[in-house]
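Peer 1: After the structure tokens below, expect a handful of questions from me.
Throughout, read-outs are computed from the coordinates displayed, never taken from laboratory work. Bear in mind that the values here come from a model prediction, so they are computed numbers and not experimental data. With ideal geometry, Cβ positions are generated from the backbone for all residues, glycine too; neighbour counts draw on all protein chains shown.
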There are 2 protein chains.
Amino acid sequence: MPRRARPARKRRAAETTAAAARVFAERGYHGATTQDIADVLGIRQASLYYYFRSKEAALEEVCLDGVGAYVARAAAIMRGPGSAADKLAQLVRHHIAPWRDRADFTRVFLRERHNLPDASRHRVGRYARRYERIFQQVLEAGVAAGEFRRDLDCRIATLGAIGMCNAASAWYGVEPGATLERIAGVFAALLLEGVRTPMMRRTSARSGARRRG
Amino acid sequence: MPRRARPARKRRAAETTAAAARVFAERGYHGATTQDIADVLGIRQASLYYYFRSKEAALEEVCLDGVGAYVARAAAIMRGPGSAADKLAQLVRHHIAPWRDRADFTRVFLRERHNLPDASRHRVGRYARRYERIFQQVLEAGVAAGEFRRDLDCRIATLGAIGMCNAASAWYGVEPGATLERIAGVFAALLLEGVRTPMMRRTSARSGARRRG
DNA sequence: TGCGGATTCTATCGCGGTATAGAATGGAGC
DNA sequence: GCTCCATTCTATACCGCGATAGAATCCGCA
């Protein structure tokens, strides 16, 4: 097993992607220069091109890095046990949780992916759409089960919920007192109450979903 | 009244700002070139500099254009008559309404203002903070009046609500069936229910807010 | 027709940014 | 020590963009 250089390269490649994520997150794709990324790594600008063949390729790498796992975990929540309300709360928590140590990647994915050329933008966008669908399916299941309001517009509610969560990525870390737990708690409460069937409330909520025969 | 050239110039200046807004909205500040803006207007790139002295100045102009009135109207809603719930619904509607014909300006304000140099960014940011405060005050008034949940974290709820509304600017016009009225309706319902005091519901909500004096 | 201000033009400077070519370095294993 | 390969380097081509200078044009009005 004379493998040694390969893992080293892999590790360095991950560092490179992380550096790109950080710089893109800070200055935006067009505002960031390859020189900036090189500075973070302590190497020369031209040396970057050993790791990616263009700036756009670096952006795609950052955007794709992690979202796969992201979507997979959301799907697991959807398929898992629990009421629709439980799942919604889990989704919100799960959506926000990764920001603790991967905020850069999330921000770049959210705010810079539209700078990608068509082909890779579509590749990346597929994940976003799949994620939305999962979210929406949870809401629809809740409506079908009578947990959520029958007249709920699941599509727009989904986009609203995701948008609310995403927006927090802009001020998390800046807004004092806004920990991830607190944000997730407030948002989950807001959405759950906002979505719930009017009559069954708190008092009867414990017994689960009835109504709908 | 020998005024003729002055109004002409004014009109052209507004067109220039609108062109900049459109281009910045489409490609992002750094992704847009002054040439792109000139193309929209059908003039030469250098001719733009008759209207603004730098690209950054154009961005600031776009960002400031209209937000003053925006904040003023929100303040009017806050000070006006009605329950906190009414006001919240009005705020949501008012927040989304201008997108019909001024979507570019809003998008640029939301997504590009961070590219401004410090001085103008602070000038622009002041409006955003004032707007947030208005929104938050309405929520706090609702809590004080007993309309909204006592345990509501008004700060985070405010940021969440605004974030939800703002996010819609990204997909309004793309998402089929998502008219402004529909979006506003769904969001308002979501937020109102999410914020309301558990006991008093629908039935007693119409009688409005008393209690407080 | 000619004045004068507003507007747009041509021409160009100079910088900074992406990307390529090919040489140098450095460490693991024979 | 020598080889091989990964990694990083130096040097540079190339171009697009923002901005300036100053001339030309357009137009209302006396």
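Peer 1: Tell me the angle of helix B:67-79 to the major Cα principal axis of chain B, expressed in degrees between 0 and 90 and rounded to the nearest ten.
Peer 2: Long axis of B:67-79 versus the principal axis of chain B: about 20 degrees.
Peer 1: GNM on chain B, C-alpha springs below 10 Å: top fluctuator among B:L64, B:L152, B:L88?
Peer 2: Residue with maximal mean-square fluctuation among B:L64, B:L152, B:L88: B:L152.
Peer 1: While we're here: Report, to the nearest 10°, how far helix A:84-96 tilts away from the longest principal axis of the Cα atoms in chain A, using its own Cα long axis and a range of 0 to 90°.
Peer 2: The two axes meet at around 20 degrees.
Peer 1: Residues with amide H under 5 Å of B:R196's amide H, sequence separation 5 or more or different chain, H placed in the peptide plane at 1.01 Å from N; which?
Peer 2: For B:R196, the qualifying residues are B:R149.
Peer 1: Oh, and also: Using only Cα atoms and rounding to the nearest 10 degrees, what angle (0 to 90) does helix B:55-64 make with the longest principal axis of chain B?
Peer 2: The two axes meet at around 30 degrees.
Peer 1: With an 8 Å Cα cut-off and a minimum separation of 6 or more residues, compute the relative contact order for region A:5-60 in percent.
Peer 2: Worked out over region A:5-60, it gives 34 percent.
Peer 1: Now for a separate question. Any idea how far the Cα center of region B:25-80 sits from the one of region A:147-187, in Å?
Peer 2: Comparing the Cα centres of region B:25-80 and region A:147-187, I get a distance of 30 Å.
Peer 1: OK, next. Spelling out what I want: for every residue of region A:14-20, take phi, set θ = phi - 60°, compute 6.51 cos²θ - 1.76 cosθ + 1.60 (Karplus), and round to whole Hz; glycine and proline get x.
Peer 2: Values, residue by residue: 5, 4, 4, 4, 5, 5, 4 Hz.
Peer 1: While we're here: For B:W99, what is the net charge nearby, where nearby means another residue's Cβ is under 15 Å from its Cβ and Lys, Arg count +1, Asp, Glu -1?
Peer 2: +3
Peer 1: Compute the label-point distances linking B:I43 to its equivalents in the other copies; points lie 7 Å from Cα along Cα→Cβ; give nm, one decimal, shortest first.
Peer 2: Spacings between copies for this position, smallest first, are 4.7 nm.
Peer 1: Would you work out the relative contact order for chain A, in percent, from Cα pairs under 8 angstrom that are 6 or more residues apart?
Peer 2: Dividing the mean separation by the residue count of chain A yields 22 percent.
Peer 1: Excluding the sites themselves, what is the longest stretch of chain B that contains no trypsin sites (Lys or Arg not before Pro) in a DSSP loop with at most 16 other C-beta atoms within 10 Å?
Peer 2: B:54-149
Peer 1: Which residue fluctuates most in the GNM of chain A (Cα springs below 10 Å): A:Y127, A:Y50, A:Y29?
Peer 2: Greatest mean-square fluctuation among the candidates belongs to A:Y50.
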